[in-house]
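Right, one structure below, let's go through it.
Any read-out appearing in this document is the output of simple, stated calculations on the displayed coordinates, not a laboratory observation. Bear in mind the structure is a predicted one, so any value in this text is a computation, not a measurement. Glycine gets a Cβ as well: all are built from the backbone with ideal geometry, and neighbour counts include every protein chain shown.
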2 protein chains.
Amino acid sequence: MQIPSGATVLQEPIVETLGREIVDGVLAPGDRLTLDALQSRFGVSRTVMRDCMRVLESLRLVYAKRRIGLVVQESRFWNAYDRRVIRWRLSGPGRERQFTELTELRVAVEPLAAAGAARRAPSQAREEIVSLAAQLRRLGEEGDLEGFLAVDIAFHALLLRASGNSMFAELDGVVAEVLSGRTHQGMMPFHPREKALAEHEAVAAAVAAADGPGAERHMQVLVDEVRAALEDRLHDGQLPD
Amino acid sequence: MQIPSGATVLQEPIVETLGREIVDGVLAPGDRLTLDALQSRFGVSRTVMRDCMRVLESLRLVYAKRRIGLVVQESRFWNAYDRRVIRWRLSGPGRERQFTELTELRVAVEPLAAAGAARRAPSQAREEIVSLAAQLRRLGEEGDLEGFLAVDIAFHALLLRASGNSMFAELDGVVAEVLSGRTHQGMMPFHPREKALAEHEAVAAAVAAADGPGAERHMQVLVDEVRAALEDRLHDGQLPD
DNA sequence: CCGGGCATAAGGTGTTATCTTTTATTCAGC
DNA sequence: GCTGAATAAAAGATAACACCTTATGCCCGG
């Protein structure tokens with residue numbers, strides 16, 4: 001309309017903007033939006049606006065009612081596992097909370113994923129996991145934090161994907177976020193320790209040996225450390241609701 | 001178009017149909033669809049068809065490319081945690097597989113969710129959990145399977161929602177599906193046993209007493225039984241990929 | 001005979017206008 | 001004051017078009 005355009009970038013930065021506003025609470029649950037208002041706000045046509053709202057609806061951030069408009073949903077209805085929602089929650093005021101929740105999820109899932117990988121991974125993945133554990137030791141001993149992080153993410157992500165459970169596999173991005181947040185935002189001070197290195201190797205060895213219980217046990221040791229840190233940070237206050 | 005029709009129900013049975021076809025493999029990854037073909041297939045306008053595809057795109061079942069059309073995605077890209085995708089997978093040829101995966105997820109998550117509820121649940125929820133456990137005993141001893149199932153679902157769902165972790169809370173529907181599948185489809189023969197009843201009560205008592213480790217331990221016992229059954233059913237074959 | 005560049009057209013993306021349908025609100029009547 | 005019908009706001013749906021990207025295939029030169 002105003003923009004005669006030129007470059008045909010997709011008009012889904014709108015989804016990004018609105019999604020973030022809802023997740024950040026700029027738009028509160030119960031707030032009403034209308035297509036007319038939105039299309040003039042963003043300077044796009046009705047069709048584009050509809051497309052955007054359809055996506056937000058699919059994420060359950062809003063729902064549409066005739067004669068009312070688009071109503072912002074309460075957070076408990078949101079598709080908490082959608083990548084975009086996770087990303088938005090991680091970059092707003094709720095960052096700490098989301099980070100804690102994702103970490104807790106990771107703690108719950110990784111041991112079973114390791115067991116699954118040990119039982120079901122294809123042999124190529126087993127080899128790769130062993131190789132990643134070896135690289136982890138090298139980088140850890142060299143003190144290369146960035147390199148360590150990258151390989152650590154690859155290690156955990158591969159384990160999830162090789163677990164043979166698509167629900168676990170889908171969490172690879174979550175683990176990447178949590179590990180990288182831990183290193184970068186210093187939300188959890190991170191020092192690769194001898195014990196952690198040894199446990200990574202033990203997990204890899206167990207996976208290579210198709211030793212499900214062993215892989216699970218060693219992964220449990222790894223996440224238990226994370227968990228201890230988590231419970232320190234937590235206030236453990238009762239929830240208001 | 002053809003259907004002037006009275007009721008203007010939303011034209012999203014189309015999403016349902018296409019989603020199911022993709023999940024069931026009727027439409028294989030890499031298959032190309034065009035808006036034109038689809039709009040004449042379903043007898044709707046281009047706009048409606050676009051809305052539908054936008055939703056499927058948001059579920060990552062397809063992606064759109066110019067000059068190509070809409071391409072069906074490989075299953076590893078699907079939003080595995082979206083309710084619709086879960087539902088579709090549970091009602092098609094992949095049912096067994098999905099059921100197993102959801103059960104494994106549940107086994108991973110519920111112990112930590114119980115611990116979370118013990119530490120963070122509001123007092124009203126604690127009382128309700130104790131009450132549900134008592135009802136469970138009564139119904140179990142009476143042999144009322146349907147009633148037992150309903151309360152069992154309520155028990156586990158409440159625990160997840162009261163865990164204080166929205167990622168766990170979102171899985172309430174998953175647990176409902178798994179429990180109800182176990183009872184109905186006989187995918188896992190189900191007999192409420194004394195031990196299970198006692199463990200449910202123990203979990204409830206621990207939650208009421210804000211005993212995180214206790215709630216976790218008892219829930220672990222409950223899911224370990226499920227897990228044993230799971231591993232019997234599993235072929236444990238290596239994955240092809 | 002083969003490879004690179006250019007033309008073509010297919011098909012998604014975006015715009016505008018118009019009609020239909022639902023339904024919250026309002027206002028009148030009992 | 002409550003019920004019910006009229007009103008209108010806003011989403012749902014359709015249609016026709018302009019635009020831009022890009023897969024594909026043709027053509028020409030080496």
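Please build a GNM for chain A, connecting alpha carbons under 10 Å apart, and tell me which residue among A:R97, A:R60, A:R50 fluctuates the most.
Looking only at A:R97, A:R60, A:R50, the biggest GNM fluctuation is shown by A:R50.
Please state the equivalent ellipsoid semi-axes for the protein assembly as shown: what are the square roots of 5 times the Cα gyration tensor eigenvalues, largest first, in whole Å?
Taking √(5λ) for each eigenvalue gives 37, 29, 24 Å, largest first.
Given charges of +1 on the Cβ of Lys and Arg and -1 on the Cβ of Asp and Glu, with all other atoms neutral, how large is the dipole of chain B about its Cα centre, in debye to the nearest 20?
Dipole size: approximately 1180 debye.
What angle do you read, to the nearest 10 degrees and between 0 and 90, between the alpha-carbon axis of helix A:95-120 and the longest principal axis of chain A?
Compared with the principal axis, the helix lies near 50 degrees.
Would you please classify the overall shape of segment A:1-93 from the alpha carbon gyration tensor, given that a ≥ b ≥ c denote the square roots of the eigenvalues, rounded means a/c under 1.5, and beyond that prolate means a/b larger than b/c while oblate covers the rest?
Note, shape of segment A:1-93 comes out oblate.
Ordered by residue, what ³J(HN,Hα) values in Hz, to whole numbers, does segment A:37-44 give under the Karplus form 6.51 cos²θ - 1.76 cosθ + 1.60, where θ = phi - 60° and Gly and Pro are x?
Values per residue, Gly and Pro as x: 4, 5, 5, 7, 4, 9, x, 10 Hz.
Gaussian network model of chain B, Cα springs within a sub-10 Å range: biggest mean-square fluctuation belongs to which of B:R41, B:R84, B:R161?
Most flexible of the set in this elastic network: B:R41.
Compare the Cα positions of A:V207, A:T103, A:P122 along the charge dipole of segment A:95-233 (+1 at Cβ of Lys, Arg; -1 at Cβ of Asp, Glu; about the Cα centre) and return the one farthest towards the positive end.
Checked the options; the winner is A:P122.
Read phi for every residue in segment B:162-170 and hand back ³J(HN,Hα) as whole Hz from Karplus 6.51 cos²θ - 1.76 cosθ + 1.60, θ = phi - 60°, with x for Gly and Pro.
Values, residue by residue: 8, 6, x, 10, 5, 5, 6, 4, 4 Hz.
For segment A:86-92, just list the computed ³J(HN,Hα) in residue order, Karplus coefficients 6.51, -1.76 and 1.60, θ = phi - 60°, integers in Hz, with x standing in for Gly and Pro.
Residue by residue, segment A:86-92 yields 4, 4, 4, 5, 6, 10, x Hz.
Under the rule of at least 5 residues apart or a separate chain, name every residue whose amide H is placed under 5 Å from the amide H of A:V62.
A:E57, A:Q73
With only Lys, Arg, Asp and Glu charged, each at its Cβ (+1 for the first two, -1 for the last two), find how big the charge dipole of segment A:95-233 is about the Cα centre; round to the nearest 20 debye.
Charge dipole of segment A:95-233: 240 debye, to the nearest 20.
Measuring label to label, 7 Å along Cα→Cβ, what does A:E194 give against each other copy in nm, shortest first?
The projected label point of A:E194 is separated from its counterparts by 5.1 nm.
Hey, if you put +1 on the Cβ of every Lys and Arg and -1 on every Asp and Glu Cβ in the protein assembly as shown, which of A:I22, A:A228, B:M53 ends up farthest toward the positive end of that dipole?
The residue sitting farthest along the positive end of the dipole is B:M53.
What dipole magnitude, in Debye to the nearest 20, does the protein assembly as shown give about its Cα centre under +1 on Lys/Arg Cβ and -1 on Asp/Glu Cβ?
2000 debye
5 Å is the cut-off here: which amide hydrogens, built 1.01 Å from N in the peptide plane, fall below it relative to A:A80, excluding neighbours closer than 5 in sequence?
Answer set, sorted by chain and number: none.
Would you mind checking the tilt of helix B:46-58 against the longest principal axis of the Cα atoms of chain B, expressed as 0 to 90 degrees and rounded to 10?
It works out to around 40 degrees.
Between copies, how far does the label point of A:R97 sit from its twins, in nm, shortest first, when each point is 7 Å from Cα along Cα→Cβ?
3.7
At q = 0.20 Å⁻¹, what is the base-10 log of I(q)/I(0) for segment A:95-233 according to the Debye formula with one equal point scatterer per Cα and no solvent? Please give it to two decimals.
Calculated log10 I(q)/I(0) at the listed q: -1.20.
In degrees between 0 and 90, to the nearest 10, how far off the longest principal axis of chain B does helix B:123-142 point, with axes built from Cα atoms?
Relative to chain B, helix B:123-142 is tipped by roughly 80 degrees.
Treating the point 7 Å from Cα along Cα-beta-carbon as the label, what are the nm separations from A:P29 to the other copies, to one decimal?
Shortest to longest, the spacings are 3.7 nm.
Scaled to the compact-protein estimate 2.2 N^0.38 Å, what is the alpha-carbon radius of gyration of segment A:70-153, rounded to two decimal places?
Cα Rg divided by the expected 2.2 N^0.38 Å: 1.48.
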